1. Subtracting the Cα-Cα distance from 0.36 nm times the residue separation, let me have the gained length for Asp7 to Glu191 in nm, one decimal.
2. Counting only protein heavy atoms and a 1.4 Å probe, tell me what percentage of the chain's accessible area is made up of carbon and sulfur.
3. Using only DSSP helix segments of four residues or longer, with each worth -39500 (n - 2.57), what per-residue ellipticity at 222 nm results for the chain after dividing by its residue count and rounding to 500?
4. Charges only on Cβ, +1 for Lys and Arg, -1 for Asp and Glu: so what's the dipole of the chain about the Cα centre, in debye to the nearest 20?
5. How much length would be gained if the chain were fully extended between Glu82 and Ser158, taking 0.36 nm per residue of separation minus their Cα-Cα distance, in nm to one decimal?
6. Enter the accessible area per residue of the chain (Å², integer; probe 1.4 Å; all protein chains in place).
7. In the structure shown, do any of Lys126/Lys153; Lys97/Lys154; Lys97/Lys136; Lys17/Lys154; Lys17/Lys126; Lys17/Lys122 have a Cα-Cα gap over 22 Å, and if so which?
8. Taking Cα pairs under 8 Å and at least six residues apart, what relative contact order does segment 127-179 come out at, in percent?
Amino acid sequence: MNDTVLDYSRYFWQGTKVRLRPLRIEDAERSFISSLDSPSRQLLQFGIELPTSVELLKVTLEKYIGCKDADGVIVFAIEALEGEHVGGISLHSRDEKNGLFSFGVVVDRQHRRQGYAEDAAKILLKYGFWERRYQKCNSACVDINEGSIRLHKKLGFSEEGKRRRQLFLNGEYHDEILFGLTREEFDAHLEI
């Protein structure tokens with residue numbers, strides 16, 4: 001299959017800039033490199049993490065390999081269409097009864113501002129709304145995460161409120177901004 005050129009043009013998990021794929025054990029090295037970007041990790045609300053290693057991350061990633069549902073979370077790697085790993089995205093906070101879900105996305109620093117997060121999120125939103133029949137996506141970010149705020153607005157999310165002094169980062173309390181997007185809003189935004 002190495003010599004075969006694959007046709008991804010009709011593949012559900014591919015957008016215009018990226019494709020989503022299952023995590024692999026070899027992604028642990030990339031995860032380790034990402035863990036060295038402490039300011040970005042804080043904005044993802046991870047805070048300052050304890051030191052880790054590639055070996056420890058292999059153990060952590062093992063439960064997510066192959067799109068396994070681990071504790072209600074499914075994690076995908078984000079690849080640029082050329083095959084380079086550029087980040088990760090997760091589907092979580094799934095509520096079948098009420099038709100709700102959420103997502104989290106991270107793009108490695110050197111690949112930011114190229115539309116990868118937006119494209120990956122659209123794929124995951126399409127899956128949540130069109131395949132899983134969820135009716136609303138809820139999301140949130142810390143008030144100083146300007147990239148995440150821009151992303152939510154680009155995707156058509158509405159700001160639904162904020163929780164004051166919800167997150168403690170770098171010695172200060174920050175507000176958490178709450179966003180929501182309904183299936184109908186998502187569909188209308190795709191038509192624009």
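The values are calculated or read from the model by the stated rules, or taken from the named source; none is laboratory data. Because the structure is a prediction, the values reported are computed rather than measured. Here the Cβ positions follow ideal geometry from the backbone for every residue, glycine too, while neighbour counts run over all protein chains shown. Surface areas here come from the heavy atoms of the whole protein model, side chains and all, with no ligands, DNA or RNA. Shrake-Rupley method; radii C 1.70, N 1.55, O 1.52, S 1.80 Å.
1. Additional length available on full extension: 63.7 nm.
2. Answer for the chain: carbon and sulfur cover 50 percent of the accessible area.
3. Computed ellipticity for the chain at 222 nm equals -7500 deg cm²/dmol.
4. 360 debye
5. Values: separation 76, 0.36 × 76 = 27.36 nm, distance 3.28 nm.
That works out to 24.1 nm of additional length.
6. Accessible area per residue, the chain: 59 Å².
7. Lys97/Lys154
8. Values: 64 pairs, mean separation 19.8, N = 53.
Averaging sequence separation for qualifying contacts and normalising by length gives 37 percent for segment 127-179.
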